[in-house]
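The values are calculated or read from the model by the stated rules, or taken from the named source; none is laboratory data. This is a predicted model, so every value here is computed, not measured. Methodologically, a virtual Cβ is constructed for each residue, glycine included, from the backbone with ideal geometry; neighbour enumeration extends over all protein chains shown. SASA here: full protein model, heavy atoms, side chains in, ligands and nucleic acids out. Shrake-Rupley method; radii C 1.70, N 1.55, O 1.52, S 1.80 Å.
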Amino acid sequence: MLINLILRVLPYWIREPLVIAASLSFGVMCLYWYFTVGEWQRAAFGVVFLAIAVLRSFVLRREWRSRPRAGQVV
């Protein structure tokens with residue numbers, strides 16, 4: 001509940017890198033746990049978290065490129 005409020009208050013250019021970093025860290029932790037312990041469910045969670053990170057990075061990249069540059073005259 002509190003994290004939802006914090007993420008809504010933060011601007012887009014801060015919120016998205018935080019989501020990407022959290023997804024990457026959770027994905028890597030799940031895959032590490034899969035390689036050390038086993039069971040395919042852990043690998044599935046890792047792949048899901050990594051897919052979320054990749055999707056959000058593509059969205060952030062598209063949004064970043066669509067913004068006009070500060071020094072550019074229109």
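Mind jotting down a quarter of the surface of the convex hull over the alpha carbons of the chain, in square nanometres, one decimal?
Working: hull surface 26.0 nm².
Its average projected convex-hull area is 6.5 nm².
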TODO: Calculate, for the chain, the solvent-accessible area per residue in square angstrom, rolling a 1.4 angstrom probe over the heavy atoms of the protein chains.
DONE: 85
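Expressed in nm to one decimal, what extension gain is obtained for the pair GLU39 and ASN4 from 0.36 nm per residue of sequence separation less their Cα-Cα distance?
Numbers: separation 35, 0.36 × 35 = 12.60 nm, distance 3.11 nm.
Additional length available on full extension: 9.5 nm.
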TODO: With unit charges on the beta carbon (Lys/Arg positive, Asp/Glu negative), name the residue among PHE26, LEU7, SER66 whose Cα is farthest towards the positive pole of the charge dipole of the chain.
DONE: SER66
- [ ] Report the charge-dipole magnitude of the chain in Debye, nearest 20, computed about the Cα centre from +1 at each Lys and Arg Cβ and -1 at each Asp and Glu Cβ.
- [x] 380
Open item on the list: As a test of reading the structure, rank SER25, SER66 by solvent-accessible area (1.4 Å probe, protein chains only), most first.
Closed with: SER66, SER25
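Take each uninterrupted DSSP H stretch in the chain, measure its Cα extent along the helix axis, and return the ones at 15 Å or beyond whose mean Kyte-Doolittle hydropathy is at least 1.0. Could the numbers behind the result be given before it?
Details: long enough: 12-37 (37 Å, 1.10); 40-66 (39 Å, 0.56).
For the chain, where a helix must reach 15 Å along its axis and average at least 1.0, the hits are 12-37.
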Task: Difference of contour (0.36 nm per residue) and Cα-Cα distance, VAL19 to ARG69 - done: 15.6 nm
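Please sort by residue number the trypsin sites (Lys or Arg not before Pro) in the chain whose DSSP state is loop and whose Cβ has at most 16 other Cβ atoms within 10 Å. Let's see the in-between values first.
Details: sites: ARG8, ARG15, ARG42, ARG56, ARG61, ARG62, ARG65, ARG69; in loops: ARG69.
Counting only loop positions with at most 16 other Cβ atoms within 10 Å, the trypsin sites (Lys or Arg not before Pro) in the chain are ARG69.
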TODO: Could you state how much accessible area TRP13 has, in square angstrom rounded to the nearest 10, with a 1.4 Å probe and all protein chains kept in place?
DONE: 150
- [ ] As a check on your grasp of the helix formula, calculate [θ] at 222 nm for the chain: sum -39500 (n - 2.57) over DSSP H runs of n ≥ 4, divide by the residue count, round to the nearest 500.
- [x] -28500 deg cm²/dmol
